[in-house]
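All of the numbers you see were taken from the coordinates with simple rules; none came from a lab. None of the values given here were measured: they were computed from a predicted structure. When we count neighbours, we look across all protein chains shown, and the Cβ atoms used for this are built from the backbone with ideal geometry, even at glycine.
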Amino acid sequence: MNVLPDLLDATFAALADPTRRAILARLAAGEATVTELAEPFAMSQPAVSKHLKVLERAGLVNRGRDAQRRPCRLDARPLREAVAWLANYRDYWAESYARLDEVLAELTAEEQR
């Protein structure tokens with residue numbers, strides 16, 4: 001079993017939801033409790049907890065223990081893997097656009113003759 005496709009699947013599934021992306025953006029600014037994370041959303045704390053569970057399964061969030069608090073923290077390592085996977089496609093599109101630029105330059109040169 002290849003771990004990378006499973007990790008990518010979980011990462012992209014977690015990122016597919018705008019609420020989870022907003023939670024990650026908030027955690028990028030620093031740790032927060034479920035209560036703090038729920039504040040900007042029109043949803044209950046249990047609903048936010050469900051989103052956090054998806055993010056935890058994807059390895060994007062860790063929950064710690066600090067006395068009575070259970071702060072959530074961003075773990076961006078799975079995002080690094082996703083970016084590396086996407087980089088292959090970025091290179092493909094960059095090459096495609098470069099070829100298109102060459103064709104357009106040739107057509108422009110022919111029109112000017």
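Applying the selection to the stretch 14-55, what residues are touching a Lys or Arg at 6+ places or on another chain (Cβ under 9 Å) and under 21 Å from W85 (Cβ atoms)?
The answer is A14, L15, V54, L55.
Filter the stretch 20-29 down to the residues that are within 12 Å of the chain's Cα centre (by Cα) and either surrounded by fewer than 16 Cβ atoms within 10 Å (Cβ to Cβ) or in contact (Cβ under 8 Å) with a residue 60 or more places away in the chain (or both) and list them by number. It would help to see each step written out before you state the result.
Of the stretch 20-29, the ones within 12 Å of the chain's Cα centre (by Cα) are 20-25, 28.
R21, A22, A25, A28, listed by residue number.
Please return the ranges of helices (runs of 4 or more DSSP H) entirely within the stretch 1-78 where 1 or more residues are in contact with a His (Cβ under 8 Å, 6 or more places away or on another chain) and of a type outside the set (D, E, K, R). Before the answer, list the steps.
Details: elements: 3-15, 18-28, 34-38, 45-57.
So the answer is 18-28.
Collect the residues in the stretch 30-84 that are touching a residue at least 12 places away in the same chain (Cβ under 8 Å) and charged (D, E, K, R), keeping them in residue-number order. Walk me through it before giving the result.
Taking the stretch 30-84 first, the residues touching a residue at least 12 places away in the same chain (Cβ under 8 Å) are 31-34, 37, 40-41, 43, 48-49, 51-52, 54-55, 57-62, 64, 69-79, 81-82.
Result: E31, R57, R69, R70, R73, D75, R77, E81.
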